[in-house]
Amino acid sequence: MPTTRRELLRNGALLAAGVGVLGPARLLATAASAEPTLAELARASGRYVGTGAAMENLLADAAYRALVTNQCTHLTPENEFKWTTLRPSPAQPFNFGPADLAVTFAEQNGLRVRGSCFTWANDTPWWFDSYVTPANALSVLEQHITTVMTRYKGRVYSWDVVNEATDGKGYYPTRWAKLLGPRYIDNAFTIAHRADPAAQLVMNEYNLEYTNNYSRDRQRFCLKVLDDLLSRNIPVHALGVEAHLEWAAVKDQFDPKQHRRFLRTIESMGLKVVITELDVLDVNLPTDPVYRDKCIGETYKRYLGTVLEEPVVEGVISWGLSDKYSWMNTGAEARFNRADGTKQRPLPYDDAMAAKPARAAFAHALAGAKPVRGRR
Ligand code: XIL
């Protein structure tokens, strides 16, 4: 379904505003810094590096835009591919304006695009429950995935087809699971593969890092689901490890050897691993920003130093690049609120786009990464 004339005009104007300053900003930032960019460091080991980012922030803030386009090879539009953005109403037309804008922006800046996501419990448009029934759920899912993937075929190379589908020891009871049973996962992957056989199809999961029982259960169940999918030839190509990390947990409950074993098990199944949403929650750290940044830098060092030892990890996407635009600072969830009322400092760059210790740790881990071969 074509975008409306009004949307085209609005998006065109936004894009023009963005594009107008891209060239000079990019040159300035490159000239000012002798240090290699994260993109250069990632490429040296055959990897990619990217960020999740919302177009409204990229277009409104030239400094952020310059940072993202300079440092990254990849972009995951933060919300532009979610149902709540794409599907304002149950029937056509789809609202492709924001996603079109993101893909065009990425292409104009040489960034490859990951799309996220087709099924997620937290991404339910207002009309869903009154429209989707056990009888039509499969065709609604099929129409959605096929329409979106066909439109962006060859332009979005990787998709989170199933997002956060597991919960501890079992399947998370998403609306899709209630409507179709766990076979919605088979359906989603099969439909996606039919729509774009060249696309990388990802199962994206959180809390897979720690040695506590919850995390270990999640790892086990995840492996079981992937094994089951593969044994039935369901087309899944990679595990997305979100890596929404927490400072204290990485310090006390992250065992590099155990985690590398987990990653190697994924590799032995013939799958790739994508770190899809890296950031570090600092809710338990004291107020002092210098101390906090140091601790968070150590978390990046410990985590990335571990996962980048494994060739199966083909790339790292952080969930934002500057603290200024982290979802943790939007009041999205109560668990992100610090008792002292200060903002989270979860990302490699601060509010003023200055590099923090986390950026140095990121660069250091990329520079020391074991090379990968044959990535998609
Ligand atoms: C988040 C976005 O960052 C927010 O802007 C939005 O309000 C909610 O979704 N796991 C995911 C991501 O897979 O899609 C989520 O992104 C963060 C948690």
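The values are calculated or read from the model by the stated rules, or taken from the named source; none is laboratory data. Just so it is clear, the model here is predicted, and its values are computed rather than measured. Please note: Cβ atoms are built from the backbone with ideal geometry, for glycine as well, and neighbour counts cover all protein chains shown. The accessibility values were calculated without ligands, DNA or RNA, using every heavy atom of the protein model including side chains. Shrake-Rupley method; radii C 1.70, N 1.55, O 1.52, S 1.80 Å.
Some values worked out for this structure:
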read-out: Euclidean distance of C-alpha centroids, region 50-121 and region 212-241, integer Å; value: 27 Å
read-out: Ranked packing of 287-295, 142-150, most packed first, by mean Cβ within 10 Å; value: 142-150, 287-295
read-out: Kyte-Doolittle at least 0.5, axis length at least 20 Å by Cα - qualifying DSSP helices, the chain; value: 5-32
read-out: Heavy-atom surface of the chain, accessible at 1.4 Å and reported per residue (Å²); value: 40 Å²
read-out: Hydrodynamic radius (Kirkwood) for region 120-253, which is based on Cα pairs only, to one decimal in Å; value: 15.8 Å
read-out: The chain, accessible surface, carbon-and-sulfur percent (1.4 angstrom probe); value: 56 percent
read-out: Nearest-20 debye value, the chain charge dipole, Cβ charges on Lys, Arg, Asp, Glu; value: 740 debye
read-out: Segment residue 131-residue 367, extension gain: residue separation times 0.36 nm, minus the distance between their alpha carbons; value: 79.9 nm
read-out: Value of Rg/Rh across the chain [Cα atoms, Kirkwood radius]; value: 0.95
read-out: Equivalent-ellipsoid semi-axes of region 144-209, from the Cα gyration tensor, Å, largest first; value: 23, 14, 8
read-out: Cα-based equivalent ellipsoid, region 325-376: semi-axes from gyration tensor eigenvalues, Å; value: 30, 15, 9
read-out: Length added when fully stretched, residue 108-residue 62, from 0.36 nm per residue minus Cα-Cα; value: 15.1 nm
